[in-house]
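Asks: I'd like to ask you about the structure that follows.
The numbers here are math on the coordinates, done by the rules we state, and not lab data. Keep in mind the model is a prediction, meaning the values are calculated, not measured. Note: ideal-geometry Cβ built from the backbone for every residue, glycine included; neighbour counts use all protein chains shown.
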Amino acid sequence: MQQRVITRPLSRAQQARRQRVIDAAMELALEGGYEAVQMRDVATKAQVAMGTVYRYFFSKDHLLAATLLHWVEQLDERIAQSPAQGDTAAERVLYVLDRALRAMGRQPKLAAAVFPALASSDPAAIDCQQQIAALMDGIISRAIGTPQPPDTPARSRVLGHVWYSSLVGWVNGWGDLDRVHDELAVAARLLLPQAV
């Protein structure tokens, strides 16, 4: 039987508790990666009861997916304050994806902890995955700029998939961040030629 994700508006105090849980998971992941994020340790670090952790997050994957969502939301805010640079859509997209890449490169244990949650079949984690995909689509679409090709959503989605799969390769040790950058550069040039 699958769990249904029920979203209810949270009070300010509940939002603060939920954020403390996410912050605690992020700290633990920064220190020790995926294995370091144990729900009991998260509760202790967040100074909440175990029941509180499970009130907001159905599973470890749900919590880690929410942590990645929070990270991408922060990235989106930073990019909105300092828009993409470049003369072509491909250059601008590569610029913003490189910013995301550098942020993850500075915190490899956190990246290694949260990325498995993107493959989780937990319905609550899937909800976070869809929100992350929508944020990445928005980041890429804004970087493409105007005029946009009529199939921008499809191009943005494919670029997001290349970004994700390249990062999975890096997290799993298949290549370094330079390789991720090179794969993103190839995808951006192929999907966003100067004349579309």
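Asks: Which ones in the range 111-126 are under 12 Å from Leu64 (Cα atoms) and either more than 10 Å from the chain's Cα centre (by Cα) or without any contact (Cβ under 8 Å) to a residue 60 or more places away in the chain (or both)?
Replies: Once the filter is applied, which keeps residues that are under 12 Å from Leu64 (Cα atoms) and either more than 10 Å from the chain's Cα centre (by Cα) or without any contact (Cβ under 8 Å) to a residue 60 or more places away in the chain (or both), the range 111-126 yields Ala112, Ala113, Phe115, Pro116, Ala117, Leu118, Ala119, Ser120, Asp122, Ala124, Ala125, Ile126.
Asks: Looking at Gln130 and the list (1) touching a residue at least 12 places away in the same chain (Cβ under 8 Å); (2) surrounded by fewer than 17 Cβ atoms within 10 Å (Cβ to Cβ), which single condition is not satisfied?
Replies: For Gln130, the failing item is (1).
Asks: Another question, then. Given the residues Ala36, Ala16, Ala66, which is the only one that is closer than 27 Å to Leu159 by Cβ and not hydroxyl-bearing (Ser, Thr, Tyr)?
Replies: Among Ala36, Ala16, Ala66, only Ala66 is closer than 27 Å to Leu159 by Cβ and not hydroxyl-bearing (Ser, Thr, Tyr).
Asks: Show the residue pairs that are 6+ apart or on different chains and have beta-carbon atoms under 7 Å apart, the first residue being within the range 71-99 and more than 20 Å from Ala111 (Cα to Cα), the second being hydroxyl-bearing (Ser, Thr, Tyr) and part of a helix (DSSP H, G or I).
Replies: Close Cβ pairs satisfying both conditions: Ala84/Tyr95; Gln85/Tyr95; Gly86/Tyr95.
Asks: Which of the numbered conditions does Gly86 fail, given that it passes all the others? Conditions: (1) surrounded by fewer than 19 Cβ atoms within 10 Å (Cβ to Cβ); (2) in a helix (DSSP H, G or I); (3) of a type outside the set (Phe, Trp, Tyr).
Replies: So the condition that Gly86 fails would be (2).
Asks: Does the range 59-108 hold any residues that are touching an Asp or Glu at 6+ places or on another chain (Cβ under 8 Å) and of a type in the set (S, T, N, Q), and which are they?
Replies: Answer for the range 59-108, where residues must be touching an Asp or Glu at 6+ places or on another chain (Cβ under 8 Å) and of a type in the set (S, T, N, Q): Ser59, Gln85.
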